[in-house]
Amino acid sequence: MLSNGAGLLTTAQGATIVAKQQSPETFVAGWSQEARCRESNVGKGEFAGRRLADLTWAETRDAIAQGTGVILPVGATEQHGLHLPLATDYICATELALAVAPATNMLVAPAVTYGSRSRPLTGGGQAFAGTTSVRAVTLMALITDVLKEFLRHGFRRLVLLNWHYENSNFVYEAAFEAMEHTDAAKILIFEHGLNELKPETIQTVFEEDFPGLAVEHAAAYETSVMLHLHPELVHFERAVDDRSARRTWYDIIPPPADITTRSGTLWKARRASAEKGRLLWGEIVPQVTEAIERDLAD
Ligand SMILES: [Zn+2]
């Protein structure tokens with residue numbers, strides 16, 4: 001469907017129906033520019049903290065009018081070993097969004113805090129207390145609905161920033177569905193909050209045996225980032241190095257105990273440090289910033 005901006009929708013068949021919900025822009029169309037300035041008092045690019053949910057609706061309206069975009073962080077509520085909180089994935093997704101938002105003129109939406117089911121080979125699996133997942137169809141429906149709301153508000157620059165391995169593909173599918181009938185907006189989808197690292201960074205952080213990011217769950221990578229961002233949430237004295245007895249190249253349902261670990265950490269967490277986290281963050285943030293500047297300039 002196409003919107004003509006006046007609350008009317010034109011179907012593919014050409015029939016016009018009245019939209020059930022008016023956009024904020026329609027609602028306040030009669031108000032003077034002077035009154036609008038009083039309402040939000042927001043100059044271009046001035047949004048303290050950059051959190052969308054902290055803004056009033058009038059500030060949000062004016063941010064959109066200024067070309068400000070929105071980032072939707074997507075994470076999970078999932079075990080992260082004996083030393084990291086269940087919230088690790090959506091904390092990292094949100095912090096990364098907040099780090100790139102000022103330079104790219106973006107706002108950061110409240111995160112999607114539940115993710116697709118944890119799998120034994122990449123997240124430890126569902127057997128750990130507190131790992132609270134949703135079905136892929138639920139996740140996709142939620143993300144699609146939220147993105148469609150952003151489009152309805154008038155956001156034209158959107159970013160989906162995922163930090164939970166098992167959400168990959170599903171976030172792309174949800175974005176595709178939301179964007180399928182609009183050509184007025186653009187979205188960047190980061191299936192992982194990380195591109196390739198420099199070889200010297202891999203050497204410094206993971207030393208001689210980098211296992212690949214799939215098993216870097218609650219290990220050196222995430223633990224270092226959390227020590228850098230939120231040391232108060234890390235019980236580093238409880239961190240262990242761990243590995244599954246067996247690593248298959250296929251999945252098994254129900255999962256046998258030997259393809260995951262008892263601790264929930266899938267590799268070596270003890271070699272994490274805040275300094276390594278600072279190094280990783282110093283690579284991740286510019287990568288995402290540059291991508292948005294390149295392909296989603298305001
Ligand atoms: Zn994680």
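Here, each number is a calculation from the coordinates, and none is a lab measurement. Since we're looking at a predicted model, the values are computed, not measured. For neighbour counting, all protein chains shown are included, and Cβ atoms are generated from backbone atoms with ideal geometry for every residue, glycine included.
The table for this structure:
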| quantity | calculated |
| --- | --- |
| Helix 136-153 vs. the chain, principal-axis angle (Cα, 0 to 90°, nearest 10) | 30 degrees |
| Residues with amide H under 5 Å from that of R270, placed H, sequence gap 5 or more | D241 |
| Taking the stretch 94-188 and dividing mean pair separation by its residue count, relative contact order in percent (alpha carbons under 8 Å, at least six apart) | 26 percent |
| At most 12 other Cβ within 10 Å, DSSP loop - chymotrypsin sites (Phe, Trp or Tyr not before Pro), the stretch 242-298 | W249, Y250 |
| Non-local Lys pairs in the chain, i.e. 8 or more apart or on different chains, that have alpha carbons under 27 Å apart | 8 |
| Over 12 Å [Cα-Cα, the stretch 227-274], rounded percent | 67 percent |
| Area projected by the alpha carbon convex hull of the stretch 139-229, averaged over all directions, nm² | 7.2 nm² |
| In degrees, nearest ten, helix 88-104 long axis to first principal axis of the chain (Cα) | 50 degrees |
| DSSP-loop trypsin sites (Lys or Arg not before Pro) across the stretch 211-298, with at most 13 other Cβ within 10 angstrom | R246, R262 |
| Using alpha carbons only: equivalent-ellipsoid semi-axes of the stretch 44-295, gyration tensor based, whole Å | 32, 21, 15 |
| Relative contact order (%) - the stretch 44-295, alpha-carbon pairs under 8 angstrom, separation at least six | 22 percent |
| Among S263, S40, S133: highest mean-square fluctuation, GNM of the chain, C-alpha pairs under 10 Å | S40 |
